[in-house]
């Protein structure tokens, strides 16, 4: 299985757009999140030799601008009526936006396979600044184990991993990547989270986007060769 990092806060070179957002492409067919700006998303896809029209489905982790900003631009460049997997309690505005831009909102309330070896967790309720924040993650089944891609992990990265482990108890974790939402956490909390990662035997980690430089440095030091520094333009094989 192949994962291409389409958009993130850092890139392999200056020809690739960066910003405060996130987007990854799985096996050149399932796009997870769309970054903060449509023009940048389309240009980054083309830079990585991905024809937008070849994408077969879209998953939105949660209803924040930095994950949905490129959605309309993408929908105008793919097959009309393409499925956009969203949580049931996303806003009416994002559901209307998907329809107005030519897509088909598909609500995923629970674990569901959307392509071969590719699942969404369905809606997991989190919190953002005192308000409910529904979110879902991507779960990839590979020869090396389960890989998890998160947008921001507002429900809590450990809680999300626990739910995934309960859903697939016979599978081990290979890679956990994406936004862990640890920007404001102190070293004590980071140490606890890291130990829990070790306890559930996560082999590789790639915290990025909203994980925060302190958390990224902490994971990098403790995981060593098991740490991956994500950058737009990068391709991971598993």
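FYI, it's all coordinate maths here, none of it is from the lab. As the structure is a computational prediction, the values presented were derived from the model and not from experiment. Positions of Cβ are backbone-derived with ideal geometry, glycine not excepted, and every protein chain shown enters the neighbour counts.
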- Message: Can you pull out every residue in segment 62-83 that is within 12 Å of residue 103 (Cβ to Cβ), in a loop (DSSP other than H, G, I, E, B) and out of contact with any helix residue (DSSP H, G or I) (no Cβ under 9 Å at 6 or more places or on another chain)?
- Response: 80, 81
- Note on the structure: The correct count of residues that are surrounded by 24 or more Cβ atoms within 10 Å (Cβ to Cβ) and in a loop (DSSP other than H, G, I, E, B) in segment 1-53 is 6
- Going by the structure shown, is residue 106 touching a strand residue (DSSP E or B) at 6+ places or on another chain (Cβ under 8 Å), more than 20 Å from residue 232 (Cα to Cα), in contact (Cβ under 8 Å) with a residue 12 or more places away in the chain and outside any loop (DSSP other than H, G, I, E, B)? yes
- Message: Go through segment 84-101 and report how many residues are crowded, with 17+ Cβ neighbours inside 10 Å and either in contact with a helix residue (DSSP H, G or I) (Cβ under 6 Å, 6 or more places away or on another chain) or not in a helix (DSSP H, G or I) (or both).
- Response: 6
- The correct count of residues that are without any contact (Cβ under 8 Å) to a residue 60 or more places away in the chain, within 15 Å of the chain's Cα centre (by Cα) and under 15 Å from residue 79 (Cα atoms) in segment 29-60 is 3
- Query: Name the pairs whose Cβ atoms lie under 6 Å apart, with the first residue in segment 80-102 and within 17 Å of residue 38 (Cα to Cα), the second loosely packed, with under 13 Cβ neighbours inside 10 Å, and 6 or more positions between them or separate chains?
  - Reply: 102/80
- Query: Out of curiosity, is residue 227 surrounded by 16 or more Cβ atoms within 10 Å (Cβ to Cβ) and closer than 28 Å to residue 107 by Cβ?
  - Reply: no
